[in-house]
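Visitor: Have a look at this one.
The values are calculated or read from the model by the stated rules, or taken from the named source; none is laboratory data. Computed from a prediction, not measured in an experiment: that's the story for all the values here. Every residue, glycine as well, gets a Cβ built from its backbone with ideal geometry; the counts of neighbours run over all protein chains shown.
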Amino acid sequence: MKKIFVTVLVLVMAIGQTMAQGVSFEAKVSKRTLGLNERLRVDFIMNENGDDFTPPNFDGFRVVLGPNQSISNSWVNGKRSFSKTYTYFLTPTQKGALTIAQATINIDGETYKTTPLKITITEAVKVPRDPNSPEYLIDDNLHLVAEISNTRPFLNEAITVVYKLYFRSPLRISDGRVVENPQFADFWSHNIDIPQLKVEDATYKGEPYSVVVWRKSVLYPQKIGKLSLEPLSLSLVIDLPSNRRDFFGNRILQQSSRIVTAGRRNINVKPLPEKGKPANFFGAVGQFDFDALINKKALKATESFEIKLKVTGKGNLKLFNLPELILPNTLEVFEPEHSENVKTTLSGMQGNIEDNYTVVPRFQGKYPVASVSFSYFDPKKEKYFTLRSSEHIVDVYGGPVAKNSIDNTTPSGVKQLLTNTDESFRFIKLNPNLEPIVKKEFWDSKLFYILLTSPLFLLVAFVFLMRRNQRLSDDVEGYRLRLANRLSKKYLGEAKKNLKNKVLFYDALERTLYNYLKAKLKIKMDDFSKEKIVEILTIKKLAFEEVQSFIALLENCEVARYSPATDAKMQQDFDQALSVISNIDKKL
């Protein structure tokens with residue numbers, strides 16, 4: 001009797017002590033601040049066993065590993081200690097202040113939630129290397145480099161930035177995407193299209209590597225002084241050999257993810273020299289040719305001819321204005337049409353730009369087209385140059401003679417008195433024949449009639465709307481089908497957001513299929529195998545083909561995470577999941 005009494009007393013004390021402790025469910029992280037290329041460990045810890053654990057969405061992070069579940073249950077001096085932990089390993093996908101939202105768990109019929117955690121993500125940092133870790137292989141054999149053609153350019157001088165990814169054996173890159181693109185503030189920028197990424201042989205720091213040219217950009221600095229180039233960051237999936245071998249003795253590859261960055265680079269932009277700068281310099285930097293071209297040198301009055309100012313060469317063609325054409329004021333000159341035929345390559349802009357003037361003479365005479373000057377700065381020779389176009393004389397005949405005018409052959413820019421008897425360019429009417437405005441009464445206005453007839457139109461629209469709603473409510477089968485489609489799209493929302501990422505897509509799709517059945521069938525269990533699914537759906541009297549379609553989709557998710565999958569295949573699996581969930585929901 002004493003032994004029984006002591007045993008009962010110990011159990012009562014243990015239960016009382018456990019109740020005194022209370023239920024706790026909390027989230028812990030390995031660090032609150034980390035770089036874009038570092039990993040974060042998140043532990044969700046509870047002191048009582050629970051069911052229906054729901055993790056947060058991890059917005060701004062990518063799940064690298066997890067969830068890993070561990071349970072600890074011990075008795076020390078009659079004191080029970082229990083702990084259950086769900087562990088995730090995450091990598092950030094963006095910089096800034098991120099939040100790990102609440103996770104939920106059901107313990108003894110009560111729902112418990114964790115407190116949201118604030119995490120600060122900074123730029124990529126240099127991570128200490130551990131020679132005993134496979135990550136050492138990645139750090140030592142993988143480099144993202146920004147190669148800059150000129151770090152001390154002149155203002156508006158072209159420079160090129162080529163981002164190259166160097167890697168070597170035993171690493172293999174199986175997938176990659178851009179995490180952060182440089183914005184190139186304070187630069188005019190143009191990205192050179194790369195139709196297809198190619199792996200080529202190269203040398204990096206005197207050693208053989210494989211290289212992929214990831215991005216090519218042409219920049220023209222628009223400010224002087226020290227300018228900063230933001231880094232390019234890539235998220236890579238890397239295959240590296242493990243210590244295990246297959247049946248044939250070949251090493252088994254294991255996958256690792258890594259975010260690499262080219263690092264921030266600085267450019268010191270030199271101002272253009274003030275010494276020798278021409279008065280008519282408009283910012284052209286490069287090597288150019290210039291001329292003024294005329295399509296007619298003899299014509300009748302009231303006919304038109306064209307004068308084309310053309311700059312050809314290599315430089316910042318899109319970033320400066322052409323000089324203005326000045327003609328005698330007895331010529332009618334229209335605003336010029338600007339055209340560009342410029343191609344941007346790694347060496348910069350090259351081609352030609354034009355200002356095309358249309359000129360209409362109204363009187364006969366000989367009209368001079370004086371020489372036009374164009375100045376530019378050559379960054380290679382570090383010197384200004386001034387080019388002058390040829391002079392031309394345009395002979396106009398068969399028209400009236402201008403009155404009160406001086407000789408038309410006077411230099412351009414000299415003001416002349418023009419008396420124009422032609423009415424074709426008189427745009428102001430001197431006798432407009434204006435009529436007084438008569439103010440109408442409100443009952444005779446358009447607004448009055450609109451307000452009068454609007455209730456009738458509203459009534460007709462209301463009747464049509466009611467009839468449409470009645471037809472929809474009578475269509476029971478259609479309503480069930482629409483409801484099933486909405487439910488399937490709701491469950492598949494997360495998978496659809498990750499259609500461009502194979503691993504995240506199939507992980508979300510598989511989780512969606514399991515969660516859908518749990519929610520629909522109101523099942524609370526952790527061990528939810530495919531055999532159990534077949535048994536339950538068969539009891540629910542679903543057709544054999546529908547059950548097999550659901551199981552085949554689950555198996556496809558398991559296989560696709562470790563085998564190549566195209567965007568078309570992922571879209572096909574998504575559409576199949578949408579159809580399967582809709583059909584099952586309709587039958588259930």
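Visitor: Going through region 538-554 one residue at a time, which ones are among the acidic types (Asp, Glu) and surrounded by fewer than 12 Cβ atoms within 10 Å (Cβ to Cβ)?
Guide: Residue satisfying the conditions is GLU545 alone.
Visitor: Specify which of the listed residues (GLU510, GLU477) is surrounded by 14 or more Cβ atoms within 10 Å (Cβ to Cβ) and either at pLDDT 75 or above or part of a helix (DSSP H, G or I) (or both).
Guide: Testing whether each residue is surrounded by 14 or more Cβ atoms within 10 Å (Cβ to Cβ) and either at pLDDT 75 or above or part of a helix (DSSP H, G or I) (or both) leaves just GLU510.
Visitor: Let me ask something else. Kindly indicate the residue of region 190-230 that is assigned to a loop (DSSP other than H, G, I, E, B), in contact (Cβ under 8 Å) with a residue 12 or more places away in the chain and within 19 Å of PHE167 (Cα to Cα) and also farthest from the chain's Cα centre (by Cα) among those meeting that condition.
Guide: Our first condition is that a residue be assigned to a loop (DSSP other than H, G, I, E, B); within region 190-230, this holds for 193-198, 205-206, 222-224, 230.
Applying the additional criterion that residues be in contact (Cβ under 8 Å) with a residue 12 or more places away in the chain yields 194, 197-198, 222-224, 230.
Within this subset, residues satisfying the condition of being within 19 Å of PHE167 (Cα to Cα) are 197-198.
Working: LEU197: 19, LYS198: 23 Å.
Filtering region 190-230 for residues that are assigned to a loop (DSSP other than H, G, I, E, B), in contact (Cβ under 8 Å) with a residue 12 or more places away in the chain and within 19 Å of PHE167 (Cα to Cα), the one farthest from the chain's Cα centre (by Cα) comes out as LYS198.
Visitor: Restricting attention to region 172-195, which residues are polar (S, T, N, Q) and closer than 21 Å to GLY348 by Cβ? Break it down into steps so the answer makes sense when it comes.
Guide: Start the filter on region 172-195 by keeping residues that are polar (S, T, N, Q), which leaves 174, 181, 183, 189, 191.
Residues satisfying the conditions are GLN183, SER189, ASN191.
Visitor: Could you check, for region 68-85, whether at least one of its residues is aliphatic (A, V, I, L, M) and touching a residue at least 40 places away in the same chain (Cβ under 8 Å)?
Guide: Checked against the condition, which is being aliphatic (A, V, I, L, M) and touching a residue at least 40 places away in the same chain (Cβ under 8 Å), region 68-85 yields no hits at all.
Visitor: Is it the case that some residue within region 384-398 is within 18 Å of LYS300 (Cα to Cα), in a loop (DSSP other than H, G, I, E, B) and out of contact with any Ser or Thr (no Cβ under 6 Å at 6 or more places or on another chain)? Don't jump to the end; show me each part of the working.
Guide: Going residue by residue through region 384-398, those that are within 18 Å of LYS300 (Cα to Cα) are 392-398.
With the extra rule that they be in a loop (DSSP other than H, G, I, E, B), the set shrinks to 398.
Keeping just the survivors that are out of contact with any Ser or Thr (no Cβ under 6 Å at 6 or more places or on another chain) gives 398.
Yes.
Visitor: Just for region 171-189: of the residues that are part of a strand (DSSP E or B) and under 16 Å from the mean Cα position of the chain (by Cα), which one is nearest to ARG264 (Cα to Cα)?
Guide: Out of the qualifying residues, it is GLU180.
Visitor: Also, I was wondering about something else. Consider LYS310 carefully, then state whether it is charged (D, E, K, R) and either at pLDDT 90 or above or closer than 28 Å to PHE282 by Cα (or both). First the steps, then the outcome.
Guide: On the way: charged (D, E, K, R): yes; either at pLDDT 90 or above or closer than 28 Å to PHE282 by Cα (or both): yes.
The answer is yes for LYS310.
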